[in-house]
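What follows is a short report on a single structure.
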Amino acid sequence: MASDRITGLPDNTIDEILKYLPLKEVVRTSVLSREWRYKWLSVPHLDFSWDFQKSLPSECPIEGVISHILLLHKGPIVKFSLRYSNYAHVVVSRWLQILKTKCVEDFSLGVWAETTIYAIPSDLFSFHLLRHLQLNLVAITLPTTFKGFPELVKLTLELVEITYEELRMFICSCPKLEWLYLHELTDVPTFWVHDVDAPKLKYLELVGNSVELAPTFNGFSLLAELRLSIVKIAPQVLQRFLSECPLLELVYISSCYYETPLSRLDINATNLKLSSLIQLELANVQITPEGLESIISKCPMFERLSISSCFSPTTVWCLDIDAPNLRELVIKHTGIKLPPTFHGFSRLASLCLAGLVIDPEELQLFISKCPVLHSLTVRKCNDQNGFWPLNIDAPNLRVLNLDGLFSSICAQNTQSVQEVSAVYPYFALLSKDADYGRLKSSWAIGDESNMIKFFGQLPSIVKLEVGISFLQFLALGGVPRELPSKLNDLKTIELKKMNFGIMDHVNSVVCLIRSSPKLYSLVINFEGWQTRSWGEEWSHVNESIRAEQTQKAVEYMKDIQKQNIPYNDIKIVKMKLFEGTQPEWNL
């Protein structure tokens, strides 16, 4: 009789369970019992990634370990991955010979070499059951006997050395190919899309090569996703490319150009029609607001838009989008304003605004006109204009990410927020005449503690991530011993770039911990006086003042220790970049 429920399961069921564990943990099951001694030898997934290599003792020869596992393995190896390691080429070729008989369906290989690039042997081209193939940093020469991969669905070639003619033959010999990713292929200066015979292609991603079309190009009738990054392509070629793919649902274009890499691609959307488009992402290309709005207005199912650094610096985009089904909106590095007739987006669930200029009152109106908003990110907006007030009215908000120079934060109707990440950028934060790094007195917004104000608006918070500078903002107006209303749902706190030689930081952290009776996980990333981020800001603070602050913090924490406050629910405590200073030890 089996001693546990798992041991008694059929072997194929156990294999299905083990394939989701890291390989090191799979091998370790051999010590559980006599029944488990050899079960790992039939696990169908072998992942010799960098994590696996790091998990081995330094004295273990990695190549020997992999060879040993492959020689002992029984049954098929459905998935095999070997990534980014300087292995001897002859050893890798020997492994491929073993894998020939293992019915491999998913194969990933990246062999980094200091001198010569690894040339794929002909053995790989006999893996006729392959469905997924990923090759990195290797050279490909097709054998004369190559008949293609009849079952291949997904092909990824990254930094691979291959001629254009062989690339074309490779792709055309995979009749079921649906997913194609080509990244900076050596010896392929121009990718002639019309040469690719891939009638079932649904996903195409091209990075770092030129793209051309011939007059005979008829498009990809099933293509649903197109991604172009750092690609040289003429505007008229791009327009024709998009127009000849009638089922496109996602288009991503980033940093593409026509003449030189320093010139941005100008997208002319006048005659562009993508009626099936659901998601559009544009970054570091050139388009007019009118052109963008023209594209979206012709897409009745449009749901997601991401636009970054696409308008001229002097352009202020009047956000007049005809997209009733819009669910996700990302706008970065531009100026925006609301039209007088702005009615909002009734289905918008996620909004990210970063590096842009917008009037605070218009931003408040924008947020309030998105009634089902679930996630809000406001990152470094209006910073060049100094500190500014942020007002949020979002009754269904769950996730809030803040990074900026806010003079005040007023969150109305945000009782449902569960996750908060809040930091201030370091620049312009600390004043030369500040007392031990306190914020400028002009930041204060009243006599009441910012700590009480801020968390009083977030009764349902579950996860909190804050930076050291945001804690200084919270400390304005004083820090209470604990909050008037407990944070009964708060389970996780992560503190970034903390310096426990500063009383404001110690007070704020202790207040948070005391006010979180159900706290489960506490993660602290330390950063001392002398680190790079603090060096310039604290150069005016002499050693005696630093020592005085540190001593106050140490004495304060010693006093807390005497109180013997129970924290029974805390199960995980992680401290990163621990330098061993006295305040860190006392914490």
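The values are calculated or read from the model by the stated rules, or taken from the named source; none is laboratory data. This one's a predicted model, so the numbers in the text were calculated from it and none came from an experiment. Heads up, the Cβs are rebuilt from the backbone with ideal geometry, glycines too, and the neighbour counts pull from every protein chain shown. Surface areas here come from the heavy atoms of the whole protein model, side chains and all, with no ligands, DNA or RNA. Shrake-Rupley method; radii C 1.70, N 1.55, O 1.52, S 1.80 Å.
When restricted to residues that are within 28 Å of the chain's Cα centre (by Cα) and surrounded by 19 or more Cβ atoms within 10 Å (Cβ to Cβ), the stretch 259-273 contains 2. The set of residues from the stretch 451-485 being charged (D, E, K, R) and out of contact with any Lys or Arg (no Cβ under 9 Å at 6 or more places or on another chain) comprises just one member, 453. Looking only at the stretch 237-253, decide whether some residue is open to solvent by less than 40 Å² (accessible area, probe 1.4 Å), of a type outside the set (A, V, I, L, M) and not in a helix (DSSP H, G or I). Checked the stretch 237-253: at least one residue is open to solvent by less than 40 Å² (accessible area, probe 1.4 Å), of a type outside the set (A, V, I, L, M) and not in a helix (DSSP H, G or I). Here residue 536 meets each of (1) at pLDDT below 70; (2) over 25 Å from residue 473 (Cβ atoms) with one exception, condition (2).
Yes/no per residue for (1) touching a Pro at 6+ places or on another chain (Cβ under 8 Å); (2) buried (at least 18 other Cβ atoms within 10 Å of the Cβ); (3) at pLDDT 90 or above; (4) among the β-branched types (Val, Ile, Thr):
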{"site": "124", "(1), (2), (3), (4)": "no, yes, yes, no"}
{"site": "140", "(1), (2), (3), (4)": "no, yes, yes, yes"}
{"site": "145", "(1), (2), (3), (4)": "no, no, no, yes"}
{"site": "152", "(1), (2), (3), (4)": "no, yes, yes, no"}
{"site": "160", "(1), (2), (3), (4)": "no, yes, yes, yes"}
{"site": "170", "(1), (2), (3), (4)": "no, yes, yes, no"}
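Considering only residues in the stretch 322-333 that are in a loop (DSSP other than H, G, I, E, B) and open to solvent by less than 20 Å² (accessible area, probe 1.4 Å), the one that is farthest from residue 395 (Cα to Cα) turns out to be 323.
Note on the stretch 491-520: residues that are under 16 Å from residue 480 (Cα atoms), in contact (Cβ under 8 Å) with a residue 60 or more places away in the chain and part of a loop (DSSP other than H, G, I, E, B) total 1. Take the conditions (1) closer than 20 Å to residue 152 by Cβ; (2) open to solvent by less than 50 Å² (accessible area, probe 1.4 Å); (3) modelled with pLDDT of 85 or more; (4) not aliphatic (A, V, I, L, M); residue 83 misses just one of them, which is (3). Screening the stretch 335-406 for strands (runs of 3 or more DSSP E) wholly inside it with 2 or more residues that are under 20 Å from residue 465 (Cα atoms) returns the ranges 350-354, 375-379, 388-393, 399-403. Do we find that residue 264 is within 18 Å of residue 312 (Cα to Cα) and either free of Cβ contacts under 8 Å to residues at least 60 places away in the same chain or in contact with a helix residue (DSSP H, G or I) (Cβ under 8 Å, 6 or more places away or on another chain) (or both) in this structure? It is true that residue 264 is within 18 Å of residue 312 (Cα to Cα) and either free of Cβ contacts under 8 Å to residues at least 60 places away in the same chain or in contact with a helix residue (DSSP H, G or I) (Cβ under 8 Å, 6 or more places away or on another chain) (or both). Quick check on my filter: what residues within the stretch 300-314 are open to solvent by 10 Å² or more (accessible area, probe 1.4 Å) and either over 16 Å from residue 283 (Cβ atoms) or touching a residue at least 60 places away in the same chain (Cβ under 8 Å) (or both)? Matches in the stretch 300-314: 300, 301, 303, 314. When the residues of the stretch 469-482 are filtered to those that are within 14 Å of residue 510 (Cα to Cα) and open to solvent by less than 10 Å² (accessible area, probe 1.4 Å), the one that is farthest from the chain's Cα centre (by Cα) is 475. The set of residues in the stretch 457-468 being surrounded by fewer than 24 Cβ atoms within 10 Å (Cβ to Cβ) and at pLDDT below 85 consists of 467 alone. Regarding residue 164, is this residue of a type in the set (Ser, Thr, Tyr) and open to solvent by less than 40 Å² (accessible area, probe 1.4 Å)? It is false that residue 164 is of a type in the set (Ser, Thr, Tyr) and open to solvent by less than 40 Å² (accessible area, probe 1.4 Å). Starting from residues that are part of a loop (DSSP other than H, G, I, E, B) and in contact with a Ser or Thr (Cβ under 8 Å, 6 or more places away or on another chain), keep the ones in the stretch 69-80 and report whichever is least open to solvent (accessible area, probe 1.4 Å). Restricting to residues being part of a loop (DSSP other than H, G, I, E, B) and in contact with a Ser or Thr (Cβ under 8 Å, 6 or more places away or on another chain), the top hit is 73. Here the strands (runs of 3 or more DSSP E) wholly within the stretch 81-178 that include at least 1 residues being under 24 Å from residue 68 (Cα atoms) are 106-110, 132-136. From the list 276, 221, the one residue that fits, being in contact with an Asp or Glu (Cβ under 8 Å, 6 or more places away or on another chain) and part of a loop (DSSP other than H, G, I, E, B), is 276. Among the residues of the stretch 179-194, those that are part of a strand (DSSP E or B) and of a type outside the set (A, V, I, L, M, F, W, C) comprise 181, 183, 186, 190. For the residues 110, 64, the requirement of being at pLDDT 75 or above, buried (at least 17 other Cβ atoms within 10 Å of the Cβ) and small (Gly, Ala, Ser) singles out 110. Of all residues in the stretch 279-298, those that are part of a loop (DSSP other than H, G, I, E, B) and open to solvent by 40 Å² or more (accessible area, probe 1.4 Å) total 3.
Out of the residues in the stretch 343-364 meeting the condition of being over 22 Å from residue 419 (Cβ atoms) and out of contact with any strand residue (DSSP E or B) (no Cβ under 9 Å at 6 or more places or on another chain), tell me which one is surrounded by the fewest Cβ atoms within 10 Å (Cβ to Cβ). For the stretch 343-364, the residue satisfying everything is 343.
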